[in-house]
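Before any comments, here is the structure.
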Amino acid sequence: MPESSAIPGRGEAAPPVTGSLVRLPELEPKVCAVIRRVEAEDDSMDRLKALGICIGRQVELVKRGDPLIVRVFGSRLGISARLADRVLVEPCAGRCECPDGSKATT
């Protein structure tokens, strides 16, 4: 049975988890994933949401490092390694459409 998660402190249900979760910095570059959980306090959570990093959103890892570069809705964002480590994602299976219309493979 798929596991569901909640946003700590918010009580909002997240989409069901069907595969294994990895932390955002552990993704391979050019791989798309869906954000399934964010383990952050209110201020950090608000900062991530303002950048478009929220549960259910599809992202692509562009470059590892500090800052980590991700593509969200066609925009490239730099996120500190400390903050990115709090984002758990489910890698997409096979080919997937990234938010900017490009294709990535896993």
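The values are calculated or read from the model by the stated rules, or taken from the named source; none is laboratory data. Given the structure is predicted, the values throughout are model-derived calculations rather than measurements. Because the Cβ atoms are built from the backbone with ideal geometry, glycine has one as well, and the counts that use them run over all protein chains shown.
Yes/no per residue for (1) crowded, with 16+ Cβ neighbours inside 10 Å; (2) under 12 Å from the mean Cα position of the chain (by Cα); (3) modelled with pLDDT of 90 or more:
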| residue | (1), (2), (3) |
| --- | --- |
| Ala14 | yes, no, no |
| Arg23 | no, yes, yes |
| Lys30 | yes, no, yes |
| Glu60 | yes, yes, yes |
| Arg71 | yes, yes, yes |
| Arg76 | no, no, yes |
| Leu88 | yes, yes, yes |
| Thr105 | no, no, no |
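Could you please tell me which pairs satisfy a Cβ distance under 7 Å, a separation of 6+ or placement on different chains, a first residue in segment 80-101 that is under 22 Å from Gly65 (Cα atoms), and a second residue that is modelled with pLDDT under 90 and aromatic (Phe, Trp, Tyr)?
Pro99/Phe73
For residues in segment 32-58 being assigned to a loop (DSSP other than H, G, I, E, B) and not aliphatic (A, V, I, L, M), which is surrounded by the fewest Cβ atoms within 10 Å (Cβ to Cβ)?
Looking at the filtered set, the residue picked out is Gly56.
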